[in-house]
Every structure is written in C-alpha cells, then in structure tokens.
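Let me begin by presenting the structure, written as structure tokens, before commenting on it.
The values are calculated or read from the model by the stated rules, or taken from the named source; none is laboratory data. Note that the structure is predicted; figures quoted are calculated from it, not measured. In this analysis, Cβ positions are derived from the backbone assuming ideal geometry, glycine residues included, and neighbour counts consider all displayed protein chains. With ligands, DNA and RNA removed, areas are computed over all heavy atoms of the protein, side chains included. Shrake-Rupley method; radii C 1.70, N 1.55, O 1.52, S 1.80 Å.
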Amino acid sequence: MCGNPSDPFQVTSASVSPWPVKFSATSHIPLTIAIKGNLSIPVTKGTMELQVKKKLPYVDVWEKIPCIDDYGSCKYDLCLSLIHIFGRGSCDAWFLHNDIPCKCPLAPQSFDAPPSTLLLPATGLIPTWLADGDFQVQLTFKDDTGGPIGCFWLQISMYEIK
C-alpha cells in the first residue's frame, strides 16, 4: 500500500499473532511475528517516518495521531531508532537470533525470520482510549538525501487485556 517495487527495502511477507493484538498498561505481552524480505543497498544513515492513524468509532473515519513526546506520527533518525526498538537500547534477541541488523550500517541482505515471540512493552501512561482500537501504521524509510529506501504499511487492531 506504500512504496514502489523498485525501492531497495522490500518486505515480501509478514505475519503477527495473536490477532487482534492484545496489550497491557502494566506488563509485557508476548507477540509472535514472522517477516521475510530484502535490502538491496547499504544504509549508513537516514530517517524513519512513522504515520499512525486511528479509526474513530461510529463514524468510520481514520484520524492521524499527532507526534507528542515521540509517540504517534513522528519522524526519527533511522540509525538511532533501530537500537531503541522495544525500549531496550540494544538489539533485541529476536533480531540477533534471526540475523537481522538493528544498528547502522545496514548491509545489503535478504532476511527470513520464522515465527518468533517478542515481548510487546507495557503501554504505561498512554491512555487506553488512545491505544485501544483499529490502526493503520505506515513506516517510510529514507536515506540521508531524502531518497526512498522503502515503506511498510499494516492495519492492526489492538485491545487492552482487562
């Protein structure tokens, strides 16, 4: 739903379970993901633009969530963001186990991560009304000149465990 077939980064398949994704304000929740794709160029720096839209109940409209304190639809330094995935400040074991780099420079490569379980972090202080519902998420990756590296789009439903 985004990007071009000629973009250097391509995700050819991805899956997430459980569906819908469950989350908790106070504890980590297991999330199983699988992903397959390739990166055809080296990447030493760039940006990652995250656009998040939430479906408003009862009106069937998708509303963009603004960037507030680095949450929502924000623009990030690609290389700095990679090492902070899931808030740990270092590569998650899932990336290491599947030989998927999580820090720059990124070398050209193919990747095929079979279904594996990650821990989805607690949502903490994010209000339930904002974190609960149907979302469209688009990640756009650009090199240091603003040229396209790739794009990944998904639609996801998230519901709080009560």
Name the strands (runs of 3 or more DSSP E) wholly inside segment 1-78 in which the number of residues that are surrounded by 11 or more Cβ atoms within 10 Å (Cβ to Cβ), in contact with a helix residue (DSSP H, G or I) (Cβ under 9 Å, 6 or more places away or on another chain) and on the phi > 0 side of the Ramachandran plot is 1 or more. 46-56
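Name the residue that is modelled with the highest pLDDT, counting only residues in segment 114-138 that are of a type in the set (A, V, I, L, M) and not in a helix (DSSP H, G or I). Before the answer, list the steps.
Residues of segment 114-138 of a type in the set (A, V, I, L, M): 118-120, 122, 125-126, 130-131, 137.
Those left that are additionally not in a helix (DSSP H, G or I): 118-120, 122, 125-126, 137.
Numbers: L118: 74, L119: 75, L120: 74, A122: 74, L125: 67, I126: 69, V137: 91.
So the residue we want is V137.
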Within the set of pairs 6+ apart or on separate chains, which have a first residue in segment 1-21 that is within 13 Å of L139 (Cβ to Cβ), a second that is among the hydroxyl-bearing types (S, T, Y) and crowded, with 17+ Cβ neighbours inside 10 Å, and C-beta atoms under 7 Å apart? C2/T140
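Would you check if there is a residue in segment 140-151 being acidic (D, E), closer than 21 Å to D69 by Cα and either surrounded by 14 or more Cβ atoms within 10 Å (Cβ to Cβ) or at pLDDT 90 or above (or both)?
Restricting attention to segment 140-151, the residues satisfying the condition of being acidic (D, E) are 143-144.
Applying the additional criterion that residues be closer than 21 Å to D69 by Cα yields none.
No, there is no match, as no residue in segment 140-151 is acidic (D, E), closer than 21 Å to D69 by Cα and either surrounded by 14 or more Cβ atoms within 10 Å (Cβ to Cβ) or at pLDDT 90 or above (or both).
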Within segment 70-82, how many residues are under 20 Å from Q136 (Cα atoms) and not small (G, A, S)? 5
So which residues in segment 82-99 are part of a loop (DSSP other than H, G, I, E, B), of a type outside the set (V, I, T) and either open to solvent by 50 Å² or more (accessible area, probe 1.4 Å) or modelled with pLDDT under 75 (or both)? H84, R88, G89, S90, C91, D92, D99
